[in-house]
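J.: The following block contains the structure, expressed as structure tokens.
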Amino acid sequence: MTQLELARDGTISPQMQAVAKSEGVEAEFVRQGVASGTIVVSANREHTNLTPCGIGQGLRTKVNANIGTSSDFGDMDTELEKLRAAVDSGADTVMDLSTGGDISAIRRRIIASSAVPVGTVPIYQAGIKAVEEYGAIVSMTVDDLFAAIEEHVRDGVDFITVHCGLTQSAVARLRQQKRVADVVSRGGAFLIGWMLHNDGENPLYEYYDRLLELSREFDVTLSLGDGMRPGCLADATDRAQIEELLIAGELVERAWQAGVQVMVEGPGHLPLNQIEANVRLQKSICRGAPFYVLGPLVTDVAAGYDHITGAIGGAIAAAAGADFLCYVTPAEHLGLPNPEDVREGVIASRIAAHAADIAKGVKGAQQWDLDMSVARKRFDWEEQERLSLRPELSRRVHRQHATSGEACSMCGDFCAMRLVEDYLGISATRC
Ligand code: SF4
């Protein structure tokens with residue numbers, strides 16, 4: 001049985017227990033969320049060294065880090081280094097998006113080395129193989145696509161991005177829409193090319209039951225991709241995007257009927273004032289299925305700083321109800337991220353996720369900030385470092401200008417907290 005089927009059956013699985021413990025909530029709360037589809041516990045049966053992670057309503061907002069090679073750069077060692085950078089920085093999941101080198105070998109090493117859930121986009125490998133074997137992505141057969149999916153799920157991938165809602169009707173809307181940036185999803189682009197060339201329906205939609213069967217066998221969580229996600233602010237929340245979302249909503253229900261866990265991916269590039277509406281729309285159309293947003297990026301002009309534009313959008317999206325943030329690195333739009341980019345991207349997304357968790361009232365979120373404030377008031381620098389998102393950075397910056405007193409070098413002898421404490425006569429230890 002899948003986690004969804006177990007939950008519906010009234011069973012609290014060891015994975016649900018583990019999620020409840022790490023979140024500080026009742027196991028029954030997790031079971032109910034999984035049973036209703038508002039929480040997924042992404043855990044492929046073949047991923048044996050996995051520490052289960054829950055994603056969804058009432059839980060801490062999770063952060064995903066994309067790693068993986070491109071056709072130009074990356075090798076096994078670098079990807080393993082990026083995996084370490086992501087997990088050490090606090091990523092809750094990683095996605096291996098490799099499109100270069102020995103893709104299968106890299107994926108297997110990443111899964112074997114990762115205690116956090118691993119996601120992939122199998123159509124990348126299917127498309128690349130089609131180019132190698134037939135000379136073009138559009139020559140890929142339906143069986144080739146499903147063979148790639150099967151290879152990934154048998155290897156232990158916990159969640160797969162599948163652009164099942166990208167139908168001919170969405171492509172028709174795309175044509176009519178006349179977008180600025182057309183399509184920026186790689187998987188979406190592969191599929192649209194295939195559908196137009198072969199004059200056929202998206203095989204992931206047409207043979208969705210076959211996909212559900214495979215997913216159920218390994219308890220793989222489907223992440224319904226947004227192939228029509230806007231790639232610039234001018235294309236945000238248009239008819240092509242919403243058409244795909246409508247189809248995704250129907251596919252969520254079919255996944256649940258088949259006992260398969262499912263979440264839904266979302267934009268992309270969105271003006272700040274459209275983010276909340278997008279989250280509400282997804283939650284309503286997809287009946288509360290977890291929402292996995294890619295950023296969203298709130299401006300198109302910050303290349304080099306897109307981890308910040310993504311974090312701004314991510315904080316607003318998560319505060320409005322998004323459950324899962326895909327990080328963005330400083331290298332976005334410019335090149336393949338290196339391990340330091342991965343670190344920066346994860347921390348930026350974690351700031352967004354935590355800021356949203358405070359607003360959402362997620363258990364423990366406010367307490368963390370309170371603990372930090374008390375440590376600041378006490379000039380307890382060790383505790384401040386310990387509570388920091390990046391302790392070694394906190395330590396290094398604090399110690400680069402040593403002072404003789406308790407206060408830091410920002411205000412030195414004129415430390416505001418120290419001065420007021422002296423005059424008020426209130427001891428910080430009373431906090
Ligand atoms: S010196 Fe200024 S910045 Fe440093 S602890 Fe005191 S008030 Fe805060």
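The values are calculated or read from the model by the stated rules, or taken from the named source; none is laboratory data. These numbers were taken from a predicted model, which means no experiment stands behind them. A quick note on method: Cβ atoms are made from the backbone with ideal geometry, for glycine too, and the neighbour counts reach across all protein chains shown. SASA here: full protein model, heavy atoms, side chains in, ligands and nucleic acids out. Shrake-Rupley method; radii C 1.70, N 1.55, O 1.52, S 1.80 Å.
J.: Go through (1) assigned to a loop (DSSP other than H, G, I, E, B); (2) within 14 Å of the ligand (Cβ to nearest atom) and name the single condition V362 misses.
T.: (2) is the only condition that V362 fails.
J.: With (1) away from the ligand (no atom under 16 Å from the Cβ); (2) more than 19 Å from D92 (Cα to Cα) as the list, and A352 as the residue in question, which single condition is left unmet?
T.: That leaves (2) as the condition not met.
J.: Still on this structure: In region 407-423, is there at least one residue being within 13 Å of the ligand (Cβ to nearest atom), among the small types (G, A, S), open to solvent by 70 Å² or more (accessible area, probe 1.4 Å) and free of Cβ contacts under 8 Å to residues at least 24 places away in the same chain?
T.: Checked region 407-423: no residue is within 13 Å of the ligand (Cβ to nearest atom), among the small types (G, A, S), open to solvent by 70 Å² or more (accessible area, probe 1.4 Å) and free of Cβ contacts under 8 Å to residues at least 24 places away in the same chain.
J.: Another question about this same structure. Which residue, of R254, R216, is basic (K, R), more than 18 Å from C326 (Cα to Cα) and surrounded by 18 or more Cβ atoms within 10 Å (Cβ to Cβ)?
T.: Matching residue, one of R254, R216: R216.
J.: Here's a follow-up. If the requirement is being at positive phi and touching a Lys or Arg at 6+ places or on another chain (Cβ under 8 Å), which of these qualifies: G74, G90?
T.: Answer to the selection: G90.
J.: Only one residue in A91, A148, A170 is of a type outside the set (D, E, K, R), surrounded by 16 or more Cβ atoms within 10 Å (Cβ to Cβ) and in a loop (DSSP other than H, G, I, E, B). Which one? I'd like the intermediate steps shown before the answer.
T.: Numbers: A148 fails: in a loop (DSSP other than H, G, I, E, B); A170 fails: in a loop (DSSP other than H, G, I, E, B).
None of the other options fit; the residue is A91.
J.: Please list, ordered by first then second residue, the pairs with beta carbon atoms under 7 Å, 6 or more apart or interchain, first in region 376-393 and among the basic types (K, R), second open to solvent by less than 60 Å² (accessible area, probe 1.4 Å).
T.: These pairs meet every condition: R376/Q384; K377/A428; R378/A428; R390/I347.
J.: Mind checking which residues of region 1-19 are touching a residue at least 24 places away in the same chain (Cβ under 8 Å), in contact with a helix residue (DSSP H, G or I) (Cβ under 7 Å, 6 or more places away or on another chain) and either surrounded by fewer than 20 Cβ atoms within 10 Å (Cβ to Cβ) or among the basic types (K, R) (or both)?
T.: Hit for region 1-19 is R8, nothing else.
J.: Go through region 286-297 and give me each residue that's open to solvent by less than 20 Å² (accessible area, probe 1.4 Å) and of a type in the set (A, V, I, L, M, F, W, C).
T.: C286, A289, F291, V293, L297
J.: Which count do you get for residues in region 392-406 that are among the small types (G, A, S), open to solvent by 90 Å² or more (accessible area, probe 1.4 Å) and within 11 Å of the ligand (Cβ to nearest atom)?
T.: 0
J.: For R376, indicate whether it is in a helix (DSSP H, G or I), within 13 Å of the ligand (Cβ to nearest atom) and open to solvent by 100 Å² or more (accessible area, probe 1.4 Å).
T.: Yes: the conditions hold for R376.
J.: Let me ask another. Considering only residues that are assigned to a loop (DSSP other than H, G, I, E, B) and within 18 Å of S284 (Cα to Cα), which ones fall in region 25-62?
T.: Within region 25-62, G37, T38, Q57, G58 meet the criteria.
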